[in-house]
1. Filter segment 519-536 for residues that are modelled with pLDDT under 85, open to solvent by less than 50 Å² (accessible area, probe 1.4 Å) and either assigned to a loop (DSSP other than H, G, I, E, B) or not polar (S, T, N, Q) (or both) and give the result.
2. All but one of (1) among the small types (Gly, Ala, Ser); (2) without any contact (Cβ under 8 Å) to a residue 60 or more places away in the chain; (3) open to solvent by 30 Å² or more (accessible area, probe 1.4 Å) hold for Ser69; state the number of the condition that does not hold.
3. Among the numbered criteria (1) open to solvent by 60 Å² or more (accessible area, probe 1.4 Å); (2) at pLDDT 90 or above; (3) out of contact with any helix residue (DSSP H, G or I) (no Cβ under 8 Å at 6 or more places or on another chain), which single criterion is violated by Glu135?
4. Do you know which of the residues in segment 77-127 that are more than 28 Å from Glu26 (Cβ to Cβ) and either without any contact (Cβ under 8 Å) to a residue 12 or more places away in the chain or of a type in the set (D, E, K, R) (or both) is surrounded by the most Cβ atoms within 10 Å (Cβ to Cβ)?
5. State which residue pairs qualify: first residue part of a loop (DSSP other than H, G, I, E, B) and inside segment 140-168, second residue modelled with pLDDT of 90 or more and crowded, with 18+ Cβ neighbours inside 10 Å in any location, beta carbons under 8 Å apart, and separation of 6 or more residues or different chains.
6. Tally up the residues in segment 203-243 that are aromatic (Phe, Trp, Tyr) and farther than 20 Å from Met1 by Cβ, please.
7. Quick check on segment 79-94. Is at least one of its residues part of a helix (DSSP H, G or I) and under 29 Å from Gly4 (Cα atoms)?
8. So which residues in segment 366-388 are under 38 Å from the mean Cα position of the chain (by Cα) and either part of a loop (DSSP other than H, G, I, E, B) or farther than 16 Å from Lys401 by Cα (or both), if there are any at all?
Amino acid sequence: MSWGTELWDQFDNLEKHTQWGIEVLEKYIKFVKERTEIEINYAKQLRNLSKKYQTKKNSKEEEESKYTSCKAFQNTLNEMSDYAGQHEVISENMSSQIMTELIRFVQELKQERKSNFHEGRKAQQHIETCWKQLESSKRRFERDCKEADRAQQHFEKMDADINVTKADVEKARQQAQIRHQMSDDSKGDYSSVLQKFNGEQNEHYHTHMPSIFQKLQDMEEKRIARLGESLKMYAEIDRQVIPIIGKCLDGITKSAESINEKQDSQTVIEAFKSGFEPPGDVDFEDFTQSIKRTVSDTSLTTTKADGKTDPKTPGKSRGKLWPFIKKNKGATPEDFSNLPPEQRRKKLQQKVDELNKDIQKEIDQRDALTKMRDVYLKNPQMGDAGSVGQKLIEIGNNIEKLRVEVQKFESWLAEVEGRLPVRNDSSRRQSGLYETQNTAPVNNCAQDRESSPDGSYTEDQSQETEVKVTPTEFDDDFDDEEPLPTIGTCKALYPFDGENEGTISVSEGEILKVIEEDKGDGWTRIRRSEEEEGYVPTSYIEVYLDKNAKGQSGPSLRPSKIKEMHL
């Protein structure tokens, strides 16, 4: 079927139809454009959403990423970022493969349509001109025929009238002949114009216009076919990213399957394990014993000497369990002694690893500069070896400083892991993290102590200038001195090993006698028996001093001074 045959008289309707077809194509282009904008905005929103929930560096969330559930969530966010990337691909491909091509095609289509309809209008104008010429020739022929007929009738009338002169008759006859000749000429001209018009009309409706209509038909069919191809491409662009989107979804599924609840539970243990043993049973404190005693000087003396609780200083064992102890919110000590043993060990190990990495970086830089210096020495024109040498000195100093830091933290780590004896147990507790909330006034002096780099406390200046005696003098003075009197009692809140010289080991809940109170260095001197006495950290015990007792000073040196003598 051809438009030129079937629609030979529908030129105007075809003009409207082809214009509508181009508008449909432009509408589709606008649709694709809006789809690309949706895709790019969706991708942007997905990326922003993924970025919003990504783990931030140097934050608590970074520590939480060690859990498998958190890792799975982070992997999901990464997959969603890739997922967003595929929507960006959809937008880009639709823009380049559909929009750009169709816009160019529509411009070509408009130009082709304009050319064809211009040619069709020109042909229509030509056939209309031919028709007008035919009508003009026809009217002229008709007019000449009428004039010839009137002239003939006038001649016949004049010829029949006897009153008309012969000259008038001859004149009428000549006029009739002229009119007949003009009629014959008009007839010939009309016949010629008619023949020509018929030829033009036949050419117009059977050759020229069908050719134009065929071009329009081909143009419209090409537009429709191109729209179909674009729709296929529209679907194909989406289909191309489906495998990658599927992989993203598979990655999310794989991340979900990688979650290990048992492993996360173990990670919680590693993250929060303190290393402490659970507290033992709380002893019953019988406050009725003082009521049952006979009021006498002997009983009062016995009460003081035996370390019974002073009515004015009641026992404060409540609230002593370490999980409920108030934490010190001060600055974190360098040796992390404010942390429980297990957490402290992990922090120290982490610090050692970081310092070793820093040392390795400095060593690598030193090796590179050394090679550079050797090259400069062999080829002075390439650079100044002296400038490199100065840099090497700086790096060497940095390495030495880092190694000193490593040794310092390794010594603390060894102390925590039990490879070396504990120098001073009070240093572990110097931040007050495990101090009790309601310690007696005699215990407060052990708080807020500064820790020296080797893990021991820094003594006051007056104590540092104390005269140091030799071990022989120490032993003699200690043996010759009379036993110190008891000034109160104490209860051990925590077990203490007492590995350093001059200290004594105690068990949790044990009741002992106090013979010398804390002088501000964090140590209290206690006695278990006449042959067994020494120092324990004040923060490890709860002291009950007798009402009128005063702290005594004996010849024994405190653990910090004993350590100083051995150094």
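1. Pass one, segment 519-536, residues modelled with pLDDT under 85: 519-522, 529-531.
Retained after the next criterion (residues that are open to solvent by less than 50 Å² (accessible area, probe 1.4 Å)): 520-522, 529.
Within segment 519-536, Gly520, Asp521, Gly522 qualify.
2. Unmet for Ser69, out of (1) among the small types (Gly, Ala, Ser); (2) without any contact (Cβ under 8 Å) to a residue 60 or more places away in the chain; (3) open to solvent by 30 Å² or more (accessible area, probe 1.4 Å): (2).
3. (1)
4. Glu79
5. Pairs that qualify, where the first residue is part of a loop (DSSP other than H, G, I, E, B) and the partner is modelled with pLDDT of 90 or more and crowded, with 18+ Cβ neighbours inside 10 Å: there are none.
6. Looking only at segment 203-243, we keep the residues that are aromatic (Phe, Trp, Tyr), and these are 205, 213, 234.
With farther than 20 Å from Met1 by Cβ added as a condition, the list becomes 234.
Total meeting the criteria: 1.
7. Step one: filter segment 79-94 for residues part of a helix (DSSP H, G or I), giving 79-94.
Checking the rest, the ones that are also under 29 Å from Gly4 (Cα atoms) come to none.
Taking every residue of segment 79-94 in turn, none turns out to be part of a helix (DSSP H, G or I) and under 29 Å from Gly4 (Cα atoms).
8. First, the residues of segment 366-388 that are under 38 Å from the mean Cα position of the chain (by Cα): 366-369.
Across segment 366-388, the qualifying residues are Asp367, Ala368, Leu369.
The values are calculated or read from the model by the stated rules, or taken from the named source; none is laboratory data. Here the structure is a predicted model, which means the values were calculated and not measured. Because the Cβ atoms are built from the backbone with ideal geometry, glycine has one as well, and the counts that use them run over all protein chains shown. Surface areas here come from the heavy atoms of the whole protein model, side chains and all, with no ligands, DNA or RNA. Shrake-Rupley method; radii C 1.70, N 1.55, O 1.52, S 1.80 Å.
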